[in-house]
Every structure is written in structure tokens, then in C-alpha cells.
Amino acid sequence: MELQSTTAPPLSPPPEAIVVTKLDLTQNHQEMGLESTTAQPLPPPPDDEDSLFRSASLANPKPSPRTSPKKVAFMFLTTAALPFAPLWELYFNQTSKNLFNIYVHADPTYQYEPPFSGVFAHRVIPSKPTRRYTPTLTSAARRLLARALLDDPSNAMFALLSPSCVPLHSFKFTYKTVISSKKSFIEILQNEGGAFGRWAARGEDAMLPEVKLEEFRIGSQFWVLTRKHASLVVRDRRLWAKFKLPCLVWSTCYPEENYFPTLLSMRDPRRCVPATLTHVDWRGRFDGHPRTYEASEVGPNLILSLRKDRPRYGDDRTNGSDSSVSKRRDPFLFARKFSFDSIEPLMSIANDVLFKD
């Protein structure tokens with residue numbers, strides 16, 4: 001499949017196309033004994049991005065299934081050829097196609113070899129270049145939400161995932177956990193170290209008056225949003241006008257970790273569980289990258305230990321008087337980061353560990 005690309009100019013002169021290939025370990029789905037289900041192509045997008053967000057803003061903020069149950073929208077934001085595609089293929093083939101949709105934002109300055117196939121075939125949305133330390137990762141997530149809202153009124157929950165994410169439970173367990181929730185799962189942290197530097201990264205007063213320092217929040221880039229909150233994001237113009245400004249200090253510029261928690265904390269905190277369901281290990285890390293699990297570490301003990309961890313919840317005040325936050329113990333549904341050559345040990349424990357609840 002050829003990646004669809006918009007005609008908007010890139011943020012900077014594009015590099016020569018980079019060919020991103022899967023490791024030989026992944027092989028193709030058929031060689032690994034997986035029966036692949038090819039998804040239906042996405043409908044044509046609106047002609048331009050303004051039209052896309054105007055149309056998405058008009059989408060029903062409530063799930064409105066017609067002939068199918070509520071669905072989970074799995075949204076992959078990637079610059080790689082989804083190295084864990086065989087594992088996700090096995091995950092999605094556990095269940096009926098009418099319980100989920102898949103959307104992929106793939107940076108068009110990369111080439112993807114082999115192309116997306118199986119459940120990922122025809123699921124790449126019109127994408128734009130993404131760069132760290134810029135608003136482009138946030139733009140990509142907003143673009144995924146807009147397309148998912150317009151694509152299917154049955155999409156009730158929206159999960160953002162990276163190419164280094166893997167599932168920690170079966171699809172059935174994940175579906176039941178998120179669909180039964182009336183709240184979004186998004187990490188919302190206040191009074192974090194470095195908050196001022198992030199808030200002032202665009203200039204000391206650039207965020208004012210829309211976002212005061214005491215309103216600024218930090219959280220994981222990866223979340224699960226309700227349809228109501230997905231609609232709130234695509235309708236937002238006021239805060240996005242601030243967060244999309246280019247940073248003057250790139251080393252403290254992480255809008256993808258600030259925009260979403262700040263917006264939802266300001267607009268609808270009581271309908272948020274202030275925690276992420278994607279496990280990540282930041283202990284002892286100071287380079288802006290979490291721990292990466294190597295292939296030699298992957299086994300039943302690692303997966304079980306990740307499941308046992310309790311998410312970090314935002315301050316109870318995030319949810320106003322909702323003291324129930326301190327009593328929650330929501331399960332981690334996904335985990336990152338795994339090295340790309342972890343696919344072989346992960347596949348070997350998929351049925352007996354990962355998908356056994």
C-alpha cells in the first residue's frame with residue numbers, strides 16, 4: 001500500500017527517504033502461521049485539515065452504534081513498520097471485527113517495507129511529518145482522533161499507541177476494561193519538577209492568558225479517551241493555538257505530554273481517571289527516553305511483574321472532591337518500550353501468558 005500524504009510543506013526540508021524495514025524475526029504473517037484479516041479501506045478524507053477538524057467537530061460526541069456494539073479505536077502513531085504487527089495480528093484475530101477499528105498515522109518522510117498488511121492494510125490515514133520537540137506529535141494524535149470520530153459513530157473509546165507498545169492482556173480483557181468505563185484514562189500530574197520550563201518553553205508569557213502556570217499539567221503521551229473527550233479535543237481551538245506555537249527552548253518542549261492533560265484537566269477533570277494504562281519504566285532515566293526491554297529480558301516473569309504494578313495516579317485534587325482515585329487499581333493494558341527484536345520471545349509466550357487472563 002502506498003502511504004497517502006498531504007500537500008502541506010514539511011516542517012523542514014525533508015531528508016532523503018528512509019527505508020524502515022522489519023527485522024527478519026517478524027517474517028510475514030503467513031509464515032508465522034497467522035490467519036490475517038484485511039480491514040476495509042478508510043473513506044476519502046476532507047480536502048484540507050481545516051475541513052477535517054470542522055467536520056470532526058460536528059460528529060456526535062456520544063457513541064451511536066447502528067448495527068454493531070461499541071468499538072475501541074486503536075490508533076498507532078509511528079515512523080516504523082510496526083515491528084510487533086504479528087503480535088497485534090494475533091491479538092485482534094481473537095475477536096470479532098465489529099468490536100474495534102485500527103488507524104495508523106505514518107510519517108510520510110519514511111518508506112515502510114514491507115508495507116502495512118493484514119489488519120493494518122488500508123488503515124493509514126493521511127499523515128504529516130512528525131518530529132520530537134515540536135507540536136507535530138500532538139498534531140498527529142489530534143488528526144487520528146478526528147479521522148476516527150468521522151470514520152465510525154460506533155467508536156466509543158480511543159487508545160493512542162506507539163510502535164514499541166505491546167498488549168499485556170487479551171483483547172477481551174482490554175475491551176471489557178475500557179468499554180465499561182465512563183471516564184477517560186489519562187495521566188494528569190501537577191507540581192511536577194520542570195513544569196515551569198515546559199510552560200515557558202515558547203516564551204515566558206506565551207501561554208498567557210489561556211493557560212496559567214498553575215493550570216499547566218504533565219502526563220504520559222499515551223492515553224485512552226472517551227468519545228466525548230475525543231470530540232472535546234478536536235473542537236478545541238483556544239488552547240491548541242497556544243500549544244502549537246514553536247518552542248524557543250527545545251530541550252523542555254514536550255507538547256504531546258502537556259496539551260492533552262492540561263486541556264482535560266481544565267475542561268472536564270471529573271470525567272478523567274488521572275492515570276495511563278500504558279506501563280513504562282522511567283526509573284533512573286534522565287535522557288528523555290524510558291527503559292527499553294531487550295529480547296533477553298522478555299518472559300513470563302517480566303509480563304506478570306508489569307501487570308502487577310499500580311498506575312501512578314494524579315493528585316486527588318485533579319478530580320476535585322473525587323477521593324475514590326486513591327483507592328483505584330486499574331490494570332495496565334499495554335506496555336512500552338520493547339526492543340524490536342523482542343518479537344520472537346513475545347510471540348512464543350503470546351497465547352500462554354500475554355493473552356491468558
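A few remarks follow.
- Partner lysines for K242 [C-alpha distance under 19 Å; skip if fewer than 8 residues away on the same chain]: K212
- Under 21 Å of direct C-alpha separation, and excluding same-chain neighbours fewer than eight residues apart, K176 reaches these lysines: K62, K70, K71, K97, K228, K308, K327, K356.
- At most 15 other Cβ within 10 Å, DSSP loop - GluC sites (Glu not before Pro), the range 145-211: E192, E204, E210
- Each other residue within a Cβ distance under 10 Å of K182 adds +1 if Lys or Arg and -1 if Asp or Glu, for a net charge of +3.
- Charged-residue dipole, Cβ positions (Lys, Arg, Asp, Glu), the range 198-277 about Cα centre, Debye nearest 20: 420
- Magnitude of the charge dipole, the range 138-254, Cβ model with Lys/Arg +1 and Asp/Glu -1, debye to 20: 460
- Split the accessible area of the range 111-191 by element, probe 1.4 Å, and carbon with sulfur accounts for 56%.
- Coil-residue trypsin sites (Lys or Arg not before Pro) of the range 103-156, DSSP, other Cβ within 10 Å capped at 12: R132
- At 0.890 mPa s and 25 °C, Stokes D of the range 144-245 from Kirkwood alpha-carbon radius, µm² per second: 156
- Translational diffusion of the range 78-181 was estimated from the Stokes-Einstein equation, with Rh taken as the Kirkwood radius over Cα pairs; at 10 °C and 1.306 mPa s the coefficient is 108 µm²/s.
- In loop segments of the range 196-269 as defined by DSSP, the trypsin sites (Lys or Arg not before Pro) with at most 14 further C-beta atoms inside 10 Å of their C-beta are K212, R237, R238.
The values are calculated or read from the model by the stated rules, or taken from the named source; none is laboratory data. From a predicted model like this one, the values you see are computed outputs, not experimental measurements. Note that each Cβ is placed from the backbone with ideal geometry, even for glycine, and that neighbours are counted across all protein chains shown. Please note that ligands, DNA and RNA were not included when accessible areas were found on the heavy atoms of the full protein model with its side chains. Shrake-Rupley method; radii C 1.70, N 1.55, O 1.52, S 1.80 Å.
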